[in-house]
1. With surrounded by 14 or more Cβ atoms within 10 Å (Cβ to Cβ), at pLDDT below 80, out of contact with any Phe, Trp or Tyr (no Cβ under 9 Å at 6 or more places or on another chain) and more than 22 Å from Lys526 (Cβ to Cβ) as the only criterion, which of Thr411, Thr393, Thr415 stands out?
2. How about region 172-204: which of its residues are small (Gly, Ala, Ser), open to solvent by less than 50 Å² (accessible area, probe 1.4 Å) and over 17 Å from Ile244 (Cα atoms)?
3. In this structure, is Thr71 part of a helix (DSSP H, G or I), in contact (Cβ under 8 Å) with a residue 60 or more places away in the chain and either in contact with a Cys (Cβ under 7 Å, 6 or more places away or on another chain) or among the polar types (S, T, N, Q) (or both)?
4. Filter region 86-101 down to residues that are farther than 13 Å from Ile395 by Cβ and touching a helix residue (DSSP H, G or I) at 6+ places or on another chain (Cβ under 7 Å) and give me whichever is most open to solvent (accessible area, probe 1.4 Å).
5. Looking at Gly68 and the list (1) out of contact with any Gly (no Cβ under 9 Å at 6 or more places or on another chain); (2) closer than 22 Å to Thr167 by Cβ, which single condition is not satisfied?
6. Give the number of residues within region 102-152 that are in a loop (DSSP other than H, G, I, E, B), under 26 Å from Phe245 (Cα atoms) and open to solvent by less than 10 Å² (accessible area, probe 1.4 Å).
7. Looking at Lys279 and the list (1) closer than 25 Å to Thr384 by Cβ; (2) part of a loop (DSSP other than H, G, I, E, B); (3) in contact (Cβ under 8 Å) with a residue 60 or more places away in the chain; (4) in contact with a Phe, Trp or Tyr (Cβ under 7 Å, 6 or more places away or on another chain), which single condition is not satisfied?
8. Looking at region 210-244, which of the residues that are of a type in the set (Gly, Ala, Ser) and within 28 Å of Val52 (Cβ to Cβ) is most open to solvent (accessible area, probe 1.4 Å)?
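The values are calculated or read from the model by the stated rules, or taken from the named source; none is laboratory data. Note that the structure is predicted; figures quoted are calculated from it, not measured. For neighbour counting, all protein chains shown are included, and Cβ atoms are generated from backbone atoms with ideal geometry for every residue, glycine included. Ligands, DNA and RNA are excluded from the accessible area calculation, which covers all protein heavy atoms including side chains. Shrake-Rupley method; radii C 1.70, N 1.55, O 1.52, S 1.80 Å.
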Amino acid sequence: MHRPTALGGALAALATAAAGVLVAAAVSTTPAAAATGGTGTGYLHTSGNKIVDSTGATVRLTGINWFGMETDNKTFHGLWSSNPWRGQLDTMARLGYNTLRIPYSNDALKPGATATGINDFVNPDLVGLSPLQILDKVVDYAGSKGMRVILDRHRPTSAGQSPLWYTSTVSEATWIADWKMLAQRYANNPTVIGADLHNEPHAEGTNPAATGACWGCGDTARDWRLAAERAGNAILGVQPNWLIFVEGVSCPSGGLSNVWDNDPSNDEDCGWWGGNLSKAGQFPVRLNVANRLVYSPHEYATSVYHQAWFDDPTYPANMPAIWDRYWGYLYKQNIAPIMMGEFGTTLQDPKDKVWLQNLMAYTGTGVSGMSFTYWSWNPNSGDTGGIANDDWTTINQAKQDILQPYLIPPTGGGTTSPAPTTPAPTTPAPSGGCTATYKQVNAWQGGFQGELTVKNSGTAAVNPWSATWTWPSGVTLASGWNATVTQSGTTVTAAAPTWASSLAPGASVTIGFTANGTAAAPGAVKLNGTAC
């Protein structure tokens, strides 16, 4: 999550345009190879201020946070809802979120850790699994949709944030050991692209007796830059292909500023927890493997904390200079890529809508813009709310409309408004060449969950495959997985995903779904128009 720090001395070099709504100019970009779509091929690395794939194509991570594994539940929130976990990932991908940032606490990684808050009627495949085993399933399914995953060490324990990367009960050695374990666990899975080392390092205590995270102060017990180097290099020793995401601090000295101590010498320019990378240019993070460093600031609106800059008479024209000062300069000077790991708002204050519009414009458009993961998918984030509404199924369209122009869907994830395309030639299944079996997984008042398995019993591959069926009037699709599932009238169509478009002779596909209405088996099942 996210917390503010009291402001210090006056911000320098603020923009001086007239007050009113102003959309910030996009960050200038340098020419780069165009991405082929989605999140690229193979592992990712950096080139100047760009993230690129194994072919050198530029990749823009446009993702979302799904939290819960850092809490007492030790697994994703919303698993208690009526929307199955796959259905939630389906929606994220369909909306255009190509990356999933997953917060966790070290508590969730302990042997014997138990995941709680799971609706076992809706998610029977998660029953009895450990937090790590559930994480495995989410990683695998996200990868099947073309999404990438960033793991975020959010808290040492589920109790709350910590200013430093270690506490009296969770040592630096434990922090690093757990990171090495995760790097090894996913070492051969390019869906998992990197480590966000520690969430929101921040100031504590007052100068000169500061006890919080500093940047460049040289105190190995407090200097977050040095700690990031130690952890990052340990991870790269296990998995040299990962990106290392490093957040900022709040106050570079590690001490709280502007605390009404009547000592102006102690005041300094402070920002959001994890959001101040103003010293990273002077004191860069040094990794043993080149082209792996991504800086990852956090940025928030008034619903989190009413910073003084929101009341500047020139707002929002003052904001680009603030973003430049804290982290944008790293991108503009081609020092390193930016992946804004958290930003969000409830949109309740009109200033927040202006803030979000300007912040997105500041990141730039198209594949060469700055990367980001929005906070959050979860509707139960107290000071931001989520993209998902309280039912964990429908979405907050006001937020989505602002983010949508900047989203680059994952390969196979689809978009909210797909452009018309000419259908690819298909190979129909031979007459009588398919069978269909149905299993009702669960039912509840007003809905049900099922799995339809369609087998190609013909002699030729079906590529791309498409299955259709009918439901009685009043039964409507809620979510689907393992295919792009849509409904028109009483007919449901499950189209092959791009990552598994061909159905070989003798092969089968299981299409999962949830639906609203009285439980009913699919009728008149067809494979590419041939009745099963």
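1. Numbers: Thr411 fails: out of contact with any Phe, Trp or Tyr (no Cβ under 9 Å at 6 or more places or on another chain); Thr393 fails: at pLDDT below 80.
Unique residue meeting the criteria: Thr415.
2. Across region 172-204, the qualifying residue is only Ala203.
3. no
4. The selected residue is Arg86.
5. Only one criterion is unmet by Gly68, namely (1).
6. So the count comes out to 1.
7. (1)
8. In the first step, residues of region 210-244 are kept if they are of a type in the set (Gly, Ala, Ser); the result is 210, 212-213, 216, 218, 221, 227-228, 231-232, 234, 237.
From what's left, within 28 Å of Val52 (Cβ to Cβ): 227-228, 231-232, 234, 237.
Details: Ala227: 0, Ala228: 0, Ala231: 1, Gly232: 0, Ala234: 26, Gly237: 68 Å².
Checked region 210-244; the qualifying residue most open to solvent (accessible area, probe 1.4 Å) is Gly237.
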